[in-house]
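Working notes, structure below.
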Amino acid sequence: MVFGIKFSGFAAWVFWRTVYLMKLPRLPKKLRVMVGWTLDLFFARDIEQMITLRDVEALGDMAGRIRARARRNKLQLRRLLRSKPRFTINSNERESNYRREVLRIDS
């Protein structure tokens, strides 16, 4: 409300921006702000401006957990391959042994 008149919508938006620009100290600053506002009207923000440091840290933590899990799985696979029996067994026994090993690793 200005001088008893209530503004809303587009008129209030333009009025507030005009008042804000009038309160800025120097002409170069006013021009810089005006150009920035005009460009924001026509062009969307870049995605780089929306990613915060907290987001980058969270992604780094997630990548670390994925790498650690991959290392654990790789070590389990190596242990499984090293414990391969030295004698030959028929295909049915081999399949059941494999199932037991997979169930042991998954649990």
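The values are calculated or read from the model by the stated rules, or taken from the named source; none is laboratory data. Please read these numbers as outputs of a predicted model, since none were measured by experiment. Heads up, the Cβs are rebuilt from the backbone with ideal geometry, glycines too, and the neighbour counts pull from every protein chain shown.
Return yes when Ala44 is free of Cβ contacts under 8 Å to residues at least 60 places away in the same chain and exposed (fewer than 10 other Cβ atoms within 10 Å of the Cβ) and no when it is not. Yes, satisfied.
Being surrounded by 10 or more Cβ atoms within 10 Å (Cβ to Cβ) and at pLDDT below 80, is that true of even one residue in region 64-72? No. Taking the listed residues Ser8, Ser96, the one that is part of a loop (DSSP other than H, G, I, E, B) and either at pLDDT below 90 or small (Gly, Ala, Ser) (or both) is Ser8, with no other qualifying.
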